[in-house]
1. Filtering the stretch 176-186 down to residues that are closer than 17 Å to residue 225 by Cβ and not hydrophobic (A, V, I, L, M, F, W, C), which residue is surrounded by the fewest Cβ atoms within 10 Å (Cβ to Cβ)?
2. When the residues of the stretch 2-31 are narrowed to those that are aliphatic (A, V, I, L, M) and not in a loop (DSSP other than H, G, I, E, B), which ends up surrounded by the fewest Cβ atoms within 10 Å (Cβ to Cβ)?
3. May I ask you to verify whether residue 117 is over 23 Å from residue 184 (Cα atoms) and not charged (D, E, K, R)?
4. Take the stretch 224-242 and flag every residue that is without any contact (Cβ under 8 Å) to a residue 60 or more places away in the chain and among the charged types (D, E, K, R).
5. Being free of Cβ contacts under 8 Å to residues at least 40 places away in the same chain and either surrounded by 24 or more Cβ atoms within 10 Å (Cβ to Cβ) or farther than 16 Å from residue 54 by Cβ (or both) is the requirement here; does residue 272 meet it?
6. With the requirement that a residue be free of Cβ contacts under 8 Å to residues at least 60 places away in the same chain, in contact with a Leu (Cβ under 8 Å, 6 or more places away or on another chain) and farther than 23 Å from residue 147 by Cβ, what does the stretch 203-223 give you?
7. Residues 168, 143: which one is within 18 Å of residue 205 (Cβ to Cβ), touching a helix residue (DSSP H, G or I) at 6+ places or on another chain (Cβ under 8 Å) and not basic (Lys, Arg)?
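FYI, it's all coordinate maths here, none of it is from the lab. Predicted model only: the values in this text are computed from it and were never measured. With ideal geometry, Cβ positions are generated from the backbone for all residues, glycine too; neighbour counts draw on all protein chains shown.
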Amino acid sequence: MSVLVFGSINADFIVGVDHLPKPGETVVAPTYRFLPGGKGANQAVAAARAGARVAFHGRIGEDAFGQALKDGLAAEGIDVTGLLKSKEPTGAAFIAIDTSGENQILGALGANYEARAADVPDASLGPATTVVLEMEVPPVENAALAARARKAGSRVIFNFAPAMRAPASLFTDVSILVLNEHEAASLAKQMEMPEREPKPAAAALARRFGNTVIVTLGAEGAIAIGPDAAWRIGALDVTVVDTVGAGDAFLGTLAAALDQGRDLPSALRRASVAGALACTVAGARDGLPTRAVVDRREADLAAATRF
């Protein structure tokens, strides 16, 4: 079994501020930090720390940032054979975090937008592979890889983040669609569906696409609605340092748990624990918990319930 992540890898520049800027406002801070990031890379690290065997496919620039990021993934035990170089600069994200832990993110995709589904060999796909996709690489490439992976019998988990236009086929070729409540409302609007609230939107999207739809709800946990059942999972009560990386911790841990043979309710529980724990440490990557840490805290969260 293995997890294959096709996605973004970024240099993150983190700035702590008293409050998040409004349009046209300048907010200054005394310093900043450079940290490894990118939604796909963070999800790959989360899955690896959760105990999965992980391969990452994407693009970096021919610059010092790219090499440092590649070395960082390799240090996590991730196969980086599929992380190729581009003439474009390595992707970057500029993240402001206020004193309550809320954030604003400005992303420059750079080399990420040259990631190509064709770079993933057919031999890497099959029933023993869980493929993870997100939206910081070209949507058409996601769609191409999802179609191939589905045909090969892979489980495909698609994180519709950030929310933007994507080929309709992409949503029907994935096994599990993961969104937060804002992305669920955005996708429902994109599909010209009237539902906007998390539960009805998830149910409507699941019916439309014929797959399982998971909507994360922050401190309220998450819901999952599929063809045969609907589940609700809560969230650990934690002291929030920042919320950057919480969704990636949830997604990567979910992928690892399913890849390891857990059923959906059990995987949701571990994913929710991981997402909450990620909020207790600053940074998108540093806060991603290990399997051992999730093991210790899993019993602190009640099991998922049907609704």
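1. Let us first name the residues in the stretch 176-186 that are closer than 17 Å to residue 225 by Cβ, namely 176-181, 183-185.
Add one more test, that the residue is not hydrophobic (A, V, I, L, M, F, W, C), and what stays is 180-181, 183.
On the way: 180: 22, 181: 20, 183: 22.
So, considering only residues that are closer than 17 Å to residue 225 by Cβ and not hydrophobic (A, V, I, L, M, F, W, C), the one surrounded by the fewest Cβ atoms within 10 Å (Cβ to Cβ) is 181.
2. By that ranking, first place goes to 15.
3. Details: over 23 Å from residue 184 (Cα atoms): yes; not charged (D, E, K, R): yes.
So residue 117 fits the description; yes.
4. The answer is 228, 237.
5. Values: free of Cβ contacts under 8 Å to residues at least 40 places away in the same chain: no; either surrounded by 24 or more Cβ atoms within 10 Å (Cβ to Cβ) or farther than 16 Å from residue 54 by Cβ (or both): yes.
Spelling it out, it is not the case that residue 272 is free of Cβ contacts under 8 Å to residues at least 40 places away in the same chain and either surrounded by 24 or more Cβ atoms within 10 Å (Cβ to Cβ) or farther than 16 Å from residue 54 by Cβ (or both).
6. 215, 216, 222 - these are the residues of the stretch 203-223 that are free of Cβ contacts under 8 Å to residues at least 60 places away in the same chain, in contact with a Leu (Cβ under 8 Å, 6 or more places away or on another chain) and farther than 23 Å from residue 147 by Cβ.
7. Working: 168 fails: touching a helix residue (DSSP H, G or I) at 6+ places or on another chain (Cβ under 8 Å).
Testing whether each residue is within 18 Å of residue 205 (Cβ to Cβ), touching a helix residue (DSSP H, G or I) at 6+ places or on another chain (Cβ under 8 Å) and not basic (Lys, Arg) leaves just 143.
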